[in-house]
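Just below is one structure, and these are the notes that go with it.
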Amino acid sequence: MSLRLVKGRPGIGDQVEGIALVASDNFSARYDLDRINGVFSRRSHALYGQSYVGRILVLNAAKGGVATAWMLREMQARQLGPSALLLNFANPILAQGAAFAGLPLIDRFEADITSVLKSGDRVRVSPCTGEVLVLDRDAAQP
Amino acid sequence: MLRLDDHEQAMLAGVEGRARQWAMQQLIQVGRFFDAKDLVKVSQVHLMADTEALGEEGIRFLEGIAAYPEAERRVRVPTVTDPRGADFAAYRRIRQKEEFVALEKRAADALRSLGILMTDTCINYQTILPPVKGEHLAFGDTGSTIYANSVLGARTNFEGGPSALSAALTGRVPRYGFHLDEHRRGTTRFAVEARLADYSDWGALGAVIGRRMRSYFEVPVVEGIASAPTSDQIKHFGAALASYGSTPLFHMVGVTPEAGRLSDVIDDRAPAISITDADLAAYRTSLTPVDDTLHVVVFAAPQLSLIELQQLGTLLDGRTVHPSVSLIATTSPEIKSAADRLDITRKIDGAGGILLQGVCFYQMHAREIGEANGWRRLMSNSAKLVNILGGYNYETVLGSMEACVESAVAGRIVA
């Protein structure tokens, strides 16, 4: 099996490894998540009902309001957050939230990151260089 | 490469205390992420810091800043607040838990000690200090940002809480995005053919365009608006567009200040996407409930202006909200005082409605108050509110202000 490297723009936060949870939907912490139970709570979201806790969360674009900028840190503090965020397009709110929370974030990849990665892939996220390395396909059930 | 002047270097080095040092570190991380070349001074900050978003961790963080010596913690530019999580005078009427109110008090105490003005409003551009064209700002609510950028021609990105706080402590933000001329050009044309009557139509238009936005940097250009909308109409349009699209700027040709003519903001040979009555109807249909059950009617998001409150008061005057339904409206403390003085609050109260001040429905622990009151089916004339509450276990319905009032009185959804 070959390792695959995907390049995005240099991001925010430290290097981390984990299991990907992937959908082509968009993302807002306030709009989409039940942050008490750590699951997606918007019925129309592709990941509805799924836990994002400890996952490398891979989605299309930042949507919605400004609350995510505060919320990511609270989620990390209660150990109920994702371990990294990979998006095709972040917005300032996600960048501000990642900086405040110390949550790894990369965006603007050379290819659609929600197509390149599949839920269950084990990946290494390196914000300093903007690189994501696929270590193992289907390493775990999402 | 992000350049800093001598004063900024000193703040980053901690010469002016740890709060300003932390703030500079935040600004620099975000500035580098978006390739900012330097920082730009801002003249006003609008800070979103409701306790639901802050959480215990965020409140502890604010209390940490508040514990620094006064010279190190005072904000450097006028800073006003977005709606809070509880109306201290009325929270029992909607069965908010005391623990949330206690969190709210802690956060407010911390913010006040930084010299922040507790205006508790998302319509600061209507009620506190309307920005001026070209003014650089750090606005922290999507609705206030899109209004300031689009309707008033001021310049700001979405500055979420930590970032707006950093701007308040340093008087600066990274210069990227909508501070720069090149990002303020239009990218996508929309030709509006739909008829727009009440606020919910303007919100529906914002929702339909917002759903087509693919990234933060896409700027819609709206054509076909024959006569200038009111401040409240364009407020509902912008709030819905920003909510559905995460969009901070639009141009409306012949209406907004940077778009006198189409060619001022976009290549006029670009194809335009038509928005018709059918598009707005399809959006409304996507929100059609399975039956006419109704639990709560909410007028909020954005908070109501004095004019909207007058309209609501007139519709409710002499009527009675059905005992099985709650009716809630939210506004700013300043407008609530005016409504009290001008005999508007009495009409809303007299019909059994609840007028809250300094809060917005989705920013006051909407999930928990829904459970405490048995609210599941919610009707509003705000497309923004309808969008947000989909993630909070509510089934939401959009209707005109008149339809919302008639439904509240009937105790069931009436068209």
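Compare the Cα positions of B:Val297, B:Met48, B:Ser163 along the charge dipole of the protein assembly as shown (+1 at Cβ of Lys, Arg; -1 at Cβ of Asp, Glu; about the Cα centre) and return the one farthest towards the positive end.
B:Ser163
Could you pull the accessible area for B:Ile328 with a 1.4 Å probe, rounded to 10 Å²?
Number for this one is 0 Å².
Near B:Lys235, which aspartates and glutamates are there with a Cα under 13 Å away, not counting those fewer than 8 places off in the same chain?
Counting by Cα, and skipping residues close in sequence, B:Lys235 has these aspartates and glutamates nearby: B:Asp141, B:Asp198, B:Asp201, B:Glu308.
Quickly estimate the mean residue ellipticity at 222 nm for chain B, helices only: each DSSP H run with n ≥ 4 gives -39500 (n - 2.57), and the total goes over all residues, rounded to 500. Can you show the working numbers first?
Numbers: 17 runs with 171 residues, N = 415.
The helix contribution divided over chain B gives -12000 deg cm²/dmol.
Mind grabbing the interface size between B and A? I mean buried accessible area, both sides, 1.4 Å probe, in Å² to the nearest hundred. Intermediate values should be presented prior to the final figure.
Working: alone 16320 and 6860 Å², together 19720 Å².
Roughly 3500 Å².
With a cut-off of at most 10 other beta carbons within 10 Å, and DSSP calling the residue loop, which trypsin sites (Lys or Arg not before Pro) in segment B:191-293 qualify? Please list them. Write down the numbers at each step before the final one.
Numbers: sites: B:Arg195, B:Arg211, B:Arg212, B:Arg214, B:Lys235, B:Arg261, B:Arg269, B:Arg284; in loops: B:Arg195, B:Arg211, B:Arg212, B:Arg214, B:Arg261, B:Arg269.
Sparse-neighbourhood loop trypsin sites (Lys or Arg not before Pro): B:Arg195, B:Arg261, B:Arg269.
Can you check what the net charge comes to around B:Tyr392, using other residues whose Cβ is under 12 Å from the Cβ of B:Tyr392 (Lys, Arg +1; Asp, Glu -1)? Write out the running numbers ahead of the final one.
Details: positive: A:Arg30, A:Arg35, A:Arg42, A:Arg43, B:Arg367, B:Arg376; negative: A:Asp32, A:Asp34, B:Glu52, B:Glu368, B:Glu371, B:Glu395.
Once all neighbours under 12 Å are counted, the net charge is 0.
Just counting partner chain Cβ atoms within 10 Å, what average do the residues of peptide B:25-37 show around their Cβ?
Values: counts 1, 4, 2, 1, 8, 10, 1, 5, 16, 5, 2, 0, 0.
Mean shielding count: 4.
How do A:86-99, B:398-411, B:373-386 rank on mean C-beta neighbours within 10 Å, highest first? Could you put the intermediate results ahead of the total?
Values: A:86-99: 27.6, B:398-411: 20.3, B:373-386: 23.9.
My ranking of the peptides, most packed first, is A:86-99, B:373-386, B:398-411.
Within 10 Å of each Cβ in peptide B:54-63, how many partner chain Cβ atoms are there on average? Round it to a whole number, please. Mind showing how you got there, number by number?
On the way: counts 5, 8, 3, 9, 7, 2, 2, 5, 1, 0.
That works out to 4 on average.
With every protein chain present, what accessible area does A:Arg73 have (1.4 Å probe, heavy atoms only), rounded to the nearest 10 Å²?
Its accessible surface works out to 50 Å², give or take rounding.
Would you please give the FRET efficiency between B:Ser43 and A:Leu3, computed as 1/(1 + (r/R0)^6) with r the Cβ-Cβ distance and R0 = 60 Å, to the nearest 0.05? Before the final figure, lay out the partial values.
On the way: r = 50 Å, r/R0 = 0.84.
About 0.75, to the nearest 0.05.
Along the positive direction of the dipole of segment B:1-91 (beta-carbon charges: Lys, Arg +1; Asp, Glu -1; about the Cα centre), which of B:Met1, B:Ile65, B:Val75 reaches farthest?
It is B:Met1, whose Cα lies furthest towards the positive end.
I want the local charge near B:Ser263. Using Cβ-Cβ distances under 15 Å, sum +1 for each Lys or Arg and -1 for each Asp or Glu among the other residues.
Numbers: positive: B:Arg184, B:Arg185, B:Arg189, B:Arg261, B:Arg269; negative: B:Glu223, B:Glu258, B:Asp264, B:Asp267, B:Asp268.
With Lys, Arg at +1 and Asp, Glu at -1, the neighbours total 0.
Heavy atoms only, probe 1.4 Å: what % of the accessible area of chain B goes to carbon and sulfur, would you let me know? Walk me through the numbers before you get to the answer.
Values: 7380 of 14650 Å².
Here it works out to 50 percent.
Please give the solvent-accessible surface of B:Asp120 in Å², to the nearest 10, using a probe radius of 1.4 Å with every protein chain present.
B:Asp120 exposes around 20 Å² with every protein chain in place.
From the Cα gyration tensor of the protein assembly as shown, with a ≥ b ≥ c the square roots of its eigenvalues, which class applies: rounded if a/c is under 1.5, or else prolate if a/b is larger than b/c, or else oblate? Present the calculation step by step, with values, prior to reporting the outcome.
Details: a/c = 1.36, a/b = 1.29, b/c = 1.06.
Because its axes are fairly even, with a/c under 1.5, the protein assembly as shown counts as rounded.
Would you mind getting the accessible area per residue of chain B, heavy atoms of the protein chains only, 1.4 Å probe, in Å²? Show your work: numbers first, answer last.
Details: 14650 Å² over 415 residues.
Ligands and nucleic acids excluded, the result is 35 Å² per residue.
The values are calculated or read from the model by the stated rules, or taken from the named source; none is laboratory data. Note that the structure is a prediction, hence the values are computed from the model and not measured. Glycine gets a Cβ as well: all are built from the backbone with ideal geometry, and neighbour counts include every protein chain shown. Ligands, DNA and RNA are stripped out before the accessible areas are found, and what is left, the full protein with its side chains, is counted by its heavy atoms. Shrake-Rupley method; radii C 1.70, N 1.55, O 1.52, S 1.80 Å.
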